[in-house]
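Notes to accompany the following structure.
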Amino acid sequence: MFKFLLRRFATMVVMALCLTYAVFYFTNLPPNLEKIAKSEAGSRITDAEVDSWLAKNGYASSTPQRYGEWLGVVPGWRNTTPDGKVTGRCIARGTDPAVAPRFCGVAQGNMGFSNVFKQPVSSIIGLRLGLTGWLMLCVVCVMVPVSLLIGILAGMREGNRLDRSLSAVSIATTATPEYVSGVILITLFASSVTGLKWFKGTATSAMDNITFENFTLPVMTISLYAIGYIARMTRASMAEVMTAQYIRTARLKGVRFRDVVLKHALRNALIAPFTVIMLQIPWLLNGVVIVETLFNYKGFGWTLVEAAGNNDVELLLGCSVVAVIVVLVTQLLSDLGYALLNPRIRLA
Amino acid sequence: MSLSPNNGTGVHAAIGMYAAECKAGLMSRREFMTRASALGASAAVAYGALGLAAPQAVAAETPVMGGTLRMNMETRPGKDPRTWDWSELANFSRGWLEYMVEYNSDGSLVGRLIESWSLNEAATEITMNVRKGVTWNNGDAFTADDVVHNITRWCDANVEGNSMAARMGGLVDAETKQAKAGAITKIDDHTVKLTLPAPDITIIVGMADYPAAVVHQSYDNGDTALNPIGTGPYLPEVDEVGVKQVLVKNTAHKWWGEGAYLDRIEYIDLGTDPAAVVAAAESDEIDATYRTEGDFVPIFQSIGWASSEAVTSATLAVRFHHAAAPFDNVKVRRAMQMAVDNNVVLELGYGGMGQVAENHHVCPIHPEYAKLPPLVVDPAGAKAAVAEAGHADTEFELISLDDGWQAATCDAVAAQIRDAGINIKRTILPGSTFWNDWLKYPFSATEWNMRPLGVQVLALAYKSGVAWNETAFNNAEFDEKLTAAMAIADADKRRVLMERIEQIMQEEGVLIQPYWRSLFRFTNPKVRGAEMHPTFEHHHYKWWMAA
């Protein structure tokens, strides 16, 4: 078990390194660096000014070296201005260069500084991830029970009227993209078109204070899409289990149908949906972009879009590290949960 | 000491002449207000010269103190005011940074930190009287030294992207790119004199423009919100780029002016999708829109919000880059203009909410506007001209921002060019990508805000080599005529030169400038005093919320 965890942790580190290097490489291609210089020093500067700005701000060295600086295994760049002032990656504004540390990267606990938001990457990611975390938590709380219930009800008697109607609903919700269902929900429940105005069509105020009124529509929009998908998976898995020999034996023995479903079929039928639910979590983290934009809820997805759109290198790297961690941790949980649900599977 | 040539009446001689013109119907009241106040008349004097009483500030209602107003606005990272390129940057900083003079929706200029000013007869000397009793929010007194300091820093053309240097015109030394020695003099603690090498009527008007925010002498050219020393009644509380900016009443500071009723002003960034603004308005998350366009005007009317409209000379410049092939050829540029009917562009691109323009960027509401013969639309001739220039098979490309009305306008332009049988591709870029290279695009669209005088935009955007010249237009005759026009205070005399200037703009095919926009703002019915301003200025001190 310990060995298993250790191996998983090692995989995580290697994957994070590979992914961040790839992100670093692409965001540091010359045209992207030019973009940074222009957004920092003014969009009207000349090519010569771009070059001198890049040199002055530590972008002139090779890509691997700068990646090393970000990791904290290579000393940060330093630059002496003509009037004798020393600036550098590790020298905060107003501090004495002599006492500033030589290394300041991830290894030293410094995730870097965002060019766009003018704040440390760690505080931005912390804040935005927290906001998306609340959204995901609410979605999971709605999505998991509802979708499992629909899936089980539909799958326990394959082909009957209940199955047909629930399946039709799940297919319809999954087939409707979020930007369509979101707009429909806003129009129905939050606008003067119908006059209902039960909820708010924007989640702006939810960033400060989550209420039933301002959070229902975004949660519903994401949940509707995911519910249909997980319900379909659960139904398929349930339907297959219900045709197994041991279920037939149990029924022939005269066990009540309710007990057959709850005691004999359910646990086996949950294995597949459990994996799907675990896979949905990293998907949620990035998949919320559309909903966050539609409802103006500035979470992780929105941050990622802003970072990518403005070529904010260090913020993008921070986002990728978070994404790797979330994917691998949820996969770890899903493997552990697998072993609990199915005793035949052992963690080696 | 009397510096003003006004026969002791305190009113510039030209104002009486203007008033006569206005009454005779030769000049609209709006033009009169702009011109009279540029010469130093207060609004009351200007109205008086017309034989009218100055309109009373809405007397029916007494403003209520307190309250919060929430408006949607893009919130951008702060920087040196001189280099501001977005009105939004100014609108947040207006909470604590004030201006020398203020341009009002009725076309008049009102003294703020400068109480009044006067020009000598030749318009080469400007005497500015600094307002007394103004203090910075750190306790320092506001004096003539602050005025000199600010004008001097505006004149520093060595700062990359400093557009104020172009507005200060003759005060800048062409050699050193700094303020000319002896041009800005402090007479006493409350008087400053500007000496111009040639008459220039736009300097005072330029001081009302949004990059002309007045900063403290200790300001370090960084983000203005970091160390908010200013003279204004508010202070920044929250400054989250892309999310939210909040101004709160600075109770520790005794502000000189009247008003500043609100306790709190919140700017909420709702992104670029206008549908999100509607949703926020319906959910009572905002009280006012920053601006509302096109199809969204009737939507806001239908939810019962109050509308305010500002008629402006704001426009979309669908401009050519004259140094980039294939638009370095004047025949190609002229052909593109010939293929496009501006009436159609106004109708399709902006829902007809404006006035048709004539490709020379001078608006009928500008005092010096000269009427030229109507434009000729000739698609067949356009195709022939393009073929003659050797571009029969070239695929042109028109790039625009993915902002609703800008994209629609460019679509209408491109569609007409395509209908004329010329190959053209449309590219729509998101803001984050568009602005990185916008100066290099051979054919793209840029939004231009209004300026009170016609010569101002021309001097900012089309004079050879100035910071905001994105067309790379370079024409000696144009420069010479424009310089001459900027020295003439009399709009009728200036119009004679303007006619030729407008013709040059058309002959050289500088840009397709299809229409003049009306601007709209919608507010919750409780909001007062926050009417749309023709140059997007937010005068926070006038805003209040009815109970």
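For the reader, a short list of remarks on this structure follows.
- From the list B:Tyr234, B:Tyr267, B:Tyr261, the one residue that fits, being open to solvent by 20 Å² or more (accessible area, probe 1.4 Å) and aromatic (Phe, Trp, Tyr), is B:Tyr261.
- Top-ranked residue of segment A:5-40 - restricted to ones that are among the β-branched types (Val, Ile, Thr) and in contact (Cβ under 8 Å) with a residue 40 or more places away in the chain, ranked as nearest to B:Leu439 (Cα to Cα): A:Ile36
- Among the residues making up segment B:466-484, a single one is within 12 Å of chain A (Cβ to nearest Cβ) and either small (Gly, Ala, Ser) or in contact with a Pro (Cβ under 7 Å, 6 or more places away or on another chain) (or both): B:Ala467.
- Checklist (1) hydrophobic (A, V, I, L, M, F, W, C); (2) free of Cβ contacts under 8 Å to residues at least 60 places away in the same chain; (3) within 14 Å of chain B (Cβ to nearest Cβ) applied to A:Leu224, failing item: (3)
- As for segment A:221-234, it holds no residue that is surrounded by fewer than 23 Cβ atoms within 10 Å (Cβ to Cβ) and touching a Phe, Trp or Tyr at 6+ places or on another chain (Cβ under 9 Å).
- Take the conditions (1) over 29 Å from the mean Cα position of the chain (by Cα); (2) open to solvent by 70 Å² or more (accessible area, probe 1.4 Å); A:Val74 misses just one of them, which is (2).
- Verdict on B:Ile399 being assigned to a helix (DSSP H, G or I) and either open to solvent by 50 Å² or more (accessible area, probe 1.4 Å) or in contact with a strand residue (DSSP E or B) (Cβ under 6 Å, 6 or more places away or on another chain) (or both): no
- Helices (runs of 4 or more DSSP H) completely within segment A:1-103 that count 2 or more residues being within 14 Å of chain B (Cβ to nearest Cβ): A:30-41, A:47-56
- Scanning segment A:294-306 for residues that are assigned to a helix (DSSP H, G or I) and either more than 10 Å from chain B (Cβ to nearest Cβ) or modelled with pLDDT under 85 (or both) yields A:Phe300, A:Gly301, A:Leu304.
- Considering (1) buried (at least 17 other Cβ atoms within 10 Å of the Cβ); (2) small (Gly, Ala, Ser); (3) modelled with pLDDT of 90 or more, the lone condition that B:Ala276 does not fulfil carries the number (3).
- Residues in segment B:456-491 that are farther than 21 Å from B:Ala325 by Cα, acidic (Asp, Glu) and either without any contact (Cβ under 8 Å) to a residue 24 or more places away in the chain or in contact with a Lys or Arg (Cβ under 7 Å, 6 or more places away or on another chain) (or both): B:Asp479, B:Glu480.
- Segments classed as helices (runs of 4 or more DSSP H), wholly inside segment A:111-206, with at least 2 members that are of a type outside the set (A, V, I, L, M, F, W, C) and open to solvent by 60 Å² or more (accessible area, probe 1.4 Å): A:121-156, A:161-175
- The set of residues in segment B:521-543 that are within 25 Å of B:Ala90 (Cβ to Cβ) and either hydroxyl-bearing (Ser, Thr, Tyr) or open to solvent by 20 Å² or more (accessible area, probe 1.4 Å) (or both) comprises B:Thr523, B:Asn524, B:Arg528, B:Gly529, B:Glu531, B:Thr535, B:Tyr541, B:Lys542.
- Top-ranked residue in segment B:135-156 [being in contact with a helix residue (DSSP H, G or I) (Cβ under 9 Å, 6 or more places away or on another chain) and open to solvent by less than 40 Å² (accessible area, probe 1.4 Å); ranked as farthest from B:Val172 (Cα to Cα)]: B:Trp136
- Any pair with Cβ under 8 angstrom, 6 or more apart, that starts in segment B:284-310 at a residue that is within 14 Å of another protein chain (Cβ to nearest Cβ) and farther than 18 Å from A:Thr204 by Cβ and ends at one that is part of a loop (DSSP other than H, G, I, E, B) and open to solvent by 60 Å² or more (accessible area, probe 1.4 Å): B:Gly304/B:Pro525
Here's the yes/no breakdown for (1) more than 28 Å from B:Val376 (Cα to Cα); (2) part of a helix (DSSP H, G or I); (3) modelled with pLDDT of 85 or more; (4) of a type in the set (S, T, N, Q):
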site: B:Lys463; (1), (2), (3), (4): no, no, yes, no
site: B:Glu470; (1), (2), (3), (4): no, no, yes, no
site: B:Ala487; (1), (2), (3), (4): yes, no, no, no
site: B:Met498; (1), (2), (3), (4): no, yes, yes, no
site: B:Gln506; (1), (2), (3), (4): no, yes, yes, yes
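- If you go through segment B:416-455 and keep only what is in a helix (DSSP H, G or I), more than 14 Å from chain A (Cβ to nearest Cβ), in contact (Cβ under 8 Å) with a residue 12 or more places away in the chain and open to solvent by 20 Å² or more (accessible area, probe 1.4 Å), you end up with B:Gln416, B:Asp419.
- Flag for B:Tyr219 being in contact (Cβ under 8 Å) with a residue 24 or more places away in the chain, open to solvent by less than 50 Å² (accessible area, probe 1.4 Å), more than 11 Å from chain A (Cβ to nearest Cβ) and part of a loop (DSSP other than H, G, I, E, B): no
- Condition check for B:Arg112: modelled with pLDDT of 90 or more and open to solvent by 10 Å² or more (accessible area, probe 1.4 Å): yes
- One residue from B:Val159, B:Val130 being among the β-branched types (Val, Ile, Thr) and open to solvent by 10 Å² or more (accessible area, probe 1.4 Å): B:Val159
- Output for segment B:226-276, where each listed residue is away from every other protein chain (no Cβ under 14 Å), touching a residue at least 40 places away in the same chain (Cβ under 8 Å) and of a type in the set (Val, Ile, Thr): B:Ile229, B:Thr231, B:Ile265
- If you go through segment B:166-190 and keep only what is of a type in the set (A, V, I, L, M, F, W, C) and within 22 Å of B:Leu458 (Cβ to Cβ), you end up with B:Ala166, B:Met168, B:Leu171, B:Val172, B:Ala174.
- Qualifying residue in segment B:41-55 (condition: at pLDDT below 60 and in contact with a His (Cβ under 8 Å, 6 or more places away or on another chain)): yes
- Residue in segment A:182-203 that is closer than 27 Å to A:Leu137 by Cβ, away from chain B (no Cβ under 14 Å) and of a type in the set (A, V, I, L, M, F, W, C) present: no
- Residue within segment A:156-163 that is out of contact with any Lys or Arg (no Cβ under 9 Å at 6 or more places or on another chain), hydrophobic (A, V, I, L, M, F, W, C) and under 30 Å from A:Val326 (Cα atoms) present: no
- Matching residues in segment A:314-341 - criterion: being open to solvent by less than 20 Å² (accessible area, probe 1.4 Å) and either within 14 Å of chain B (Cβ to nearest Cβ) or not in a helix (DSSP H, G or I) (or both): A:Leu315
The values are calculated or read from the model by the stated rules, or taken from the named source; none is laboratory data. Since this is a predicted model, take the numbers as computed values, not measurements. Cβ: placed from backbone, ideal geometry, glycine included. Neighbour counts: every protein chain shown. The accessibility values were calculated without ligands, DNA or RNA, using every heavy atom of the protein model including side chains. Shrake-Rupley method; radii C 1.70, N 1.55, O 1.52, S 1.80 Å.
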